Amino acid sequence: MSNPTTRFTNRVENYIKYRPGYPEAIIDYLKSENVLKSDSVIADIGSGTGISTELFLKNGNTVYAVEPNDAMREAAENLLAGYGSFRSINASAEHTTLPDGSIDLITCAQAFHWFDIPKAKSEFSRILKPAGRICLMWNERKLDGNPFLKDYEKLLIKYGTDYSTVRHENIDENKLNQFFANGYTTRSFPNKQVFDLEGVTGRLLSSSYTPQYDSSLYEPMLAELNEIFEKNQLNGKIEFLYETNVYISL
């Protein structure tokens, strides 16, 4: 598997345009669980281009966006420059550079499976306040949610470079129990994107495991994507269906 810190560098533009966001209902849920307050100081670890960071900035929180990939971090800095409570940090999950006991809530969205989990667990313990909490969340594509998604999954298995090893489904209950030493609660929210052919192509190319333009697999992959889009589209559109899974430390 290639270096997780650099593997998204040449995919940033597609990542910004075509990756799914997160349901705003997550904010209400975190508030109802007494995990999030308007003055909570948040460390968004593996923050990427800032998709999850903005969810909390809109809530009025101060957010330290910790991201080691230069291209993704710089994209977030450009996109979120208008938020006065945004703080960009060039660092990793395993060494955030944040002060001891400074954070009310750690969030990790779509990035947790890239971490060295034992080292990240130790680092999170260091930077959290005594009553601090951790929230993991990611969008899990519904593999058989509709006929297009069934065909899309077959496409990824056929062309993906290391698809089977980096899927979020590999974070199972055993790994979560190891990470959340005192247990966790979980909740899922429906989420979706609607794409035309340009959009679904960009969504495919935003994934770190898909061949890029310099690969001999690139053109055949796009040709097959075009075929399955045409077979399944309705009025020039298809739906990407997700479950946004949220895990909160007790």
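So how tilted is helix 218-232 from the main axis of the chain? Cα-based, degrees 0 to 90, rounded to 10.
Tilt relative to the chain: about 80 degrees.
What nm value, rounded to one decimal, do you get for the distance between H95 and A25 when each label is placed 7 Å out toward the C-beta?
Here the answer is 4.1 nm between the modelled labels.
With the Cα gyration tensor of the stretch 195-250 giving a ≥ b ≥ c as the square roots of its eigenvalues, does the rule (a/c under 1.5 for rounded; else a/b larger than b/c for prolate; else oblate) give rounded, prolate or oblate?
Values: a/c = 3.40, a/b = 1.40, b/c = 2.43.
Here the stretch 195-250 falls in the oblate category.
So if we plug the beta-carbon distance of K37 and T185 into 1/(1 + (r/R0)^6) with R0 = 22 Å, what FRET efficiency do we get, rounded to 0.05?
Values: r = 18 Å, r/R0 = 0.80.
Efficiency for this residue pair is about 0.80.
Using a cut-off of under 15 Å, list every residue of the stretch 57-88 whose amide N is near the label point 7 Å from the Cα of S102 along the Cα-to-beta-carbon line.
62-67, 86-88
Note the full-extension length gain between L250 and A81 as 0.36 nm times their separation in residues minus their Cα-Cα distance, in nm to one decimal.
Details: separation 169, 0.36 × 169 = 60.84 nm, distance 3.32 nm.
Here the answer is 57.5 nm.
Measuring with a 1.4 Å probe in the full set of protein chains, what accessible area per residue, in whole Å², belongs to the stretch 120-248? All intermediate terms of the calculation are to be shown ahead of the outcome.
On the way: 6350 Å² over 129 residues.
Heavy-atom SASA per residue in the stretch 120-248 reads 49 Å².
If the cut-off is 29 Å between C-alpha atoms, which lysines fall inside it for K129, apart from same-chain ones fewer than 8 positions away?
Filter leaves K31, K37, K58, K119, K121, K175.
Given a Förster distance of 22 angstrom, what is the FRET efficiency for L234 paired with K154, based on the Cβ-Cβ distance and rounded to 0.05? It would help to have the intermediate numbers written out before the result.
Values: r = 20 Å, r/R0 = 0.90.
It comes to 0.65.
How large a share of the accessible area of the chain, in percent, is made up of carbon and sulfur atoms when the probe is 1.4 Å and the other protein chains stay in place? Intermediate values should be presented prior to the final figure.
Numbers: 5490 of 11620 Å².
That share works out to 47 percent.
The values are calculated or read from the model by the stated rules, or taken from the named source; none is laboratory data. Remember, it's a predicted structure, so these values are computed and weren't measured experimentally. A quick note on method: Cβ atoms are made from the backbone with ideal geometry, for glycine too, and the neighbour counts reach across all protein chains shown. Heads up: the accessible areas ignore ligands, DNA and RNA and are worked out on the full protein's heavy atoms, side chains in. Shrake-Rupley method; radii C 1.70, N 1.55, O 1.52, S 1.80 Å.
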